[in-house]
C-alpha cells in the first residue's frame, strides 16, 4: 500500500515538470467511462483500497490537467503550490483539525491562523495588525467579496442608523442588517437603495451582491473612459454618492482580472476616494486578489509604476486577497481584512449552541465561526503560515519579481512582433503586472490562436474578449517560473504558429 501511495504522489506532483500537460481526448474519455454508473449492479459496492487506488492512478489522474506541475500554465490566475505548502497541506489533512472555535487549552490552530493573518498585514504593507481587527480566511476572492459587501452593507446602513439615533431622543441604535435583516434595517435607516460602484469589477462581485441581498443590478459600472474602462471615474463616484436615500459601497479593482490594470492611479486617487466616502458615509472595498501583491515588488525604477498604482489601498475599509494565486498555496485560500472586528462579527455572528463553547482566557482571538462564512472549515491557515515562515518577505518578493519580469518580457515580444498586437491599445510595459493580453493581427489566425497554443502542450493560456474580439489572456502566477527558458519557448512558439498559418493559408 505504501508503494502504491508513493506512485500516486509522484504521478500527481512531479517536482520539475515544464509542460502544462493537458489530458488527451482518449484519456478524458477513459476517465469519464470509468466513473460509476447508477444502473450497474456494482454501483456503491466496496472495491477496497487497492483497487480504488489503481482506479485513481490508471483512470482519474490521467484525466486531470497539470497546472500545478508547470511554470507555463497561464490560464486563469492560477498559482502553483510551493513544495513546503504542499507538505503543510498534507499535515492539514493528516491532523484534520476543526477550526471553528478558539480553544487555547486544546489546540493551537486559531493562534497559528491569527499569526499568519498578522504577518500578511505586515507583508502587504497595510499598517499594523491592530488597524485591521477583522481578519479571517475564506475559500477565495468570491467568498471574500461576499464578506466585503456584507460588511459594507452593515457599515453603510449601521452608520445611517447611528446618525438617526443620535439626532433623536431615542437611545443609540446598535442593531444592523445582520440582526434586523436588510429590508427592516433599510426601512429604519430611511435607505431606499444600496448600490455598488465599480469599474470592470470581477464577476464574483455581482455574485456576491446577489448573495448578500443587494442584487446583481446594484453593481454599477463607472469607467473613467472608453480607452481605460478599468479605471474608476472618481467624479462619477462623487456624483453618485450625493443621491438622496441611497447608500453606496465603492468596489476598487486591484487589478482588473482581464487586463491586470488598477482602478486607481495612485495615492492621490485613493486619498480623494477616502475623503468623499467619509463625507457621504460610503464604504470602500478593495478587490486585491492578485494586484495587491504588486506592493511587494522591489522599490526600484523598474517597478515604480506598479507601486504607484497599488499605493493607498490601505485606506480601504475592507480588502480581499487570494493566497492560491500569487502566494502559491493550495486551493482554496482567500484572505479578508476589515477595520473593525465588530463589523465582521455583526455579519457572521454564530449564536452559540450549548455544545459550542465561546473560547477561553483573555485572548483577543475570536472564534472563527463568528468572523467567517463557514462554521466548518479546514486548517487552511497552515500552508499560508508555512510559506510566510519558509520564504519570508525576500523570498516572496523574489518569486513575484520573476513572475512580473517574465510577463513583461513576453509583452515585449508581442509588442515587437509583426504578427501580434499587445492589448489594451498602446499598452505600456511598465503597466504590465502578471497578465499579458494580446491577439493575432490576422483575423483567421486569431480565431484559432488560443486552441493552437493549448494543443501544442508547450504552454497553456486562457481565451477572452477585448472590444468584442477574441484575445489571448496569459497570467503568470506559478513559483516555477524560469524567465529565460519560458521566454525562449514562447518566442519560438509564437513565431512558429504565425509561420505555419501563413504557409497553410497560401
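The values are calculated or read from the model by the stated rules, or taken from the named source; none is laboratory data. Given the structure is predicted, the values throughout are model-derived calculations rather than measurements. Backbone-built Cβ (ideal geometry, glycine too); neighbour counts: all protein chains shown.
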Worksheet item: Quick check: is even one residue across the range 204-219 in contact with a helix residue (DSSP H, G or I) (Cβ under 9 Å, 6 or more places away or on another chain), at positive phi, surrounded by fewer than 20 Cβ atoms within 10 Å (Cβ to Cβ) and modelled with pLDDT of 95 or more?
Response: yes
Response to the item:
The residue from 138, 142 that alone is closer than 26 Å to residue 273 by Cα and in contact with a helix residue (DSSP H, G or I) (Cβ under 8 Å, 6 or more places away or on another chain) is 142
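This table checks each residue for (1) at pLDDT below 95; (2) surrounded by 20 or more Cβ atoms within 10 Å (Cβ to Cβ).
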position	(1), (2)
405	no, no
420	no, yes
423	no, yes
426	yes, no
437	no, yes
443	no, no
Practice prompt. Check off (1) crowded, with 24+ Cβ neighbours inside 10 Å; (2) touching a helix residue (DSSP H, G or I) at 6+ places or on another chain (Cβ under 6 Å); (3) under 21 Å from residue 212 (Cβ atoms) for residue 255 and give me the number that stays unchecked.
Written response: (3)
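With 465, 415 as the choices, which residue is free of Cβ contacts under 8 Å to residues at least 12 places away in the same chain and either in contact with a strand residue (DSSP E or B) (Cβ under 6 Å, 6 or more places away or on another chain) or in a strand (DSSP E or B) (or both)?
None of the others qualify; the one that does is 465.
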Item to complete: Grab the helices (runs of 4 or more DSSP H) fully contained in the range 104-204, keeping just those with 1 or more residues being touching a residue at least 60 places away in the same chain (Cβ under 8 Å), within 28 Å of the chain's Cα centre (by Cα) and closer than 20 Å to residue 340 by Cα.
Response: 109-123, 141-166, 177-180
Item to complete: Taking the options 269, 227, name whichever one is more than 21 Å from residue 150 (Cβ to Cβ), at pLDDT below 95 and over 18 Å from the mean Cα position of the chain (by Cα).
Response: 227
Fill in: Hits in the range 468-506 (condition: part of a loop (DSSP other than H, G, I, E, B) and within 21 Å of the chain's Cα centre (by Cα))
476, 477, 478, 479, 480, 481
Worksheet item: Are any of the residues in the range 68-80 in contact with a strand residue (DSSP E or B) (Cβ under 6 Å, 6 or more places away or on another chain), surrounded by 16 or more Cβ atoms within 10 Å (Cβ to Cβ) and in a helix (DSSP H, G or I)?
Response: no
Worksheet entry | Residue list for the range 473-506, restricted to those being touching a residue at least 12 places away in the same chain (Cβ under 8 Å), over 18 Å from residue 451 (Cα atoms) and exposed (fewer than 14 other Cβ atoms within 10 Å of the Cβ) | 485
Item to complete: Tally the residues that are buried (at least 20 other Cβ atoms within 10 Å of the Cβ) and either part of a helix (DSSP H, G or I) or touching a strand residue (DSSP E or B) at 6+ places or on another chain (Cβ under 6 Å) (or both), restricting the search to the range 324-341.
Response: 5
Worksheet item: Looking at (1) free of Cβ contacts under 8 Å to residues at least 40 places away in the same chain; (2) buried (at least 22 other Cβ atoms within 10 Å of the Cβ); (3) under 24 Å from residue 109 (Cα atoms), which is the one condition that is false for residue 372?
Response: (1)
Worksheet item: Being buried (at least 20 other Cβ atoms within 10 Å of the Cβ) and out of contact with any helix residue (DSSP H, G or I) (no Cβ under 9 Å at 6 or more places or on another chain), is that true of even one residue in the range 381-389?
Response: no
